Structures are given as C-alpha cells and as structure tokens.
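The next block holds one structure in the form of structure tokens; read it before the comments.
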Amino acid sequence: MDVKQAIEKRRAYRALGPAQIDGALMDELAGAARLMPSCFNNQPWKFVFAKSPEALAKLHACLAKANDWPKTAPLIIAAFARKDYDCVIKEREYYLFDLGMAVSALLLRATELGLVAHPIAGFDNEAARTALGIPEGNQVLTLIIVGKKTEDLSALTPQQAAGEAARPPRLALENIYSVDAYDPKLAVKPVR
C-alpha cells in the first residue's frame, strides 16, 4: 500500500473488534510518528499506549457519554505534548501542530497494517492525563482508538451505525485551497 492508498483507505470507523497488540506493533506505530518533522527538530510528541484491562478501564471512565464504542477496542493511545517542549515563534505555538503531524503518520501506518486508528476529542483531558500519570503541563490532545474493523454494530448508536456505511462528506477542493491569494470560497464550513 502506498501513501495515497493509505490516505484514501483511512476511515474513522467506530465498529471495532479485537486485534493483536504486541510490542512490535506498538513500535511500528510509534516509529512512524517519530519520523515526522517538527520545529527545530524538538519532537514534542509523546504517547501512552493503554492496552491492559486496568489502563483501558481508566480511560473508559474519561470518555464522554456518547463515546461508549471505544470500550470494544484493544488499544487506546493518548497523544500529548508540552508547550514548553517546542517552538513559540511570534505567538505561533508549534507543539500541537507538530503533535498533529506525528498523529497523522501513526494513523496512516495503522491503516497500512490493516487497523483502524480513530482519533477522538470526546474525553476529559485532565482526567485522562491524571489516569495515565502524565505530568502536569502536558496537554492530551487526542485519544486514538485502535482495533480491527468489525461488522458488529451493536456497540454503536443508530446514528453512529449509519456513519459506518460511507465516508462522511468532504469539502470540495475549491473550499480548501486557493492560488496566489485568499478566495472567499475558503470560508465554507462543512455541513454536519
């Protein structure tokens, strides 16, 4: 699978089942993230891979009420960074951007390996940080839910189950980039 194929295949499925999670797999995922660029090569990204029943239960308690579906996944990755571990140039804080690039590489590598890696925002950041023993000053930007896609939709709400059938709509190219100057078409927001 090449990069374009991984990008096109990647989906944020919610119907997840068991997957073999071992040290080699975790090294593969973290290794993909590790190779991404960062401001002045600061590499601010950090990850905690939660796979034991105890660690997973701690993170399950941090999830938003609508997020029961991650409880079927065998792995949850907390992606976090510290502002003071990366560049701040004229009020541009790079730590979250750099973390996002690392997460993107991890997602694509998981896709290439036949897994679903679904980043979520529906969790209590402070509770997740505390549950995993991550020191203060770090921001858990996302939890990445990892598993194998399954056809069993029983853990999903009807709305979530409907979303498994097709990729959510994407903005047209004219709404995401312009050439030489800003175009008002860039102000279009996705319809939800």
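Before moving on, here are some points about what is shown:
- Rounded to the nearest 20, the size of the Cβ-charge dipole of the chain about its Cα centre is 320 debye, with Lys and Arg at +1 and Asp and Glu at -1.
- Segment 35-131, dipole about Cα centre (Lys/Arg Cβ +1, Asp/Glu Cβ -1), debye to the nearest 20: 100 debye
- Prolate/oblate/rounded label for segment 40-192 (Cα gyration tensor, a/c 1.5): oblate
- Restricted to Cα atoms, segment 1-126 shows a radius of gyration and a Dmax of 15.1, 45 angstrom.
- Relative contact order of segment 3-167: 35 percent, from C-alpha pairs under 8 Å at least 6 residues apart in sequence.
- No disulfide-compatible partner, judged by a Cβ distance under 4.7 Å, exists for the following cysteines of the chain: C62.
- Where Cα atoms sit under 20 Å apart: lysine pairs in the chain separated by 8 or more or lying on different chains: 10
- DSSP loop GluC sites (Glu not before Pro) with at most 13 other Cβ within 10 Å excluded, longest remaining stretch of the chain: 1-90
None of the figures in this text is laboratory data; all of them are computed from the coordinates on show. All values derive from a computational prediction rather than experimental measurement. For neighbour counting, all protein chains shown are included, and Cβ atoms are generated from backbone atoms with ideal geometry for every residue, glycine included.
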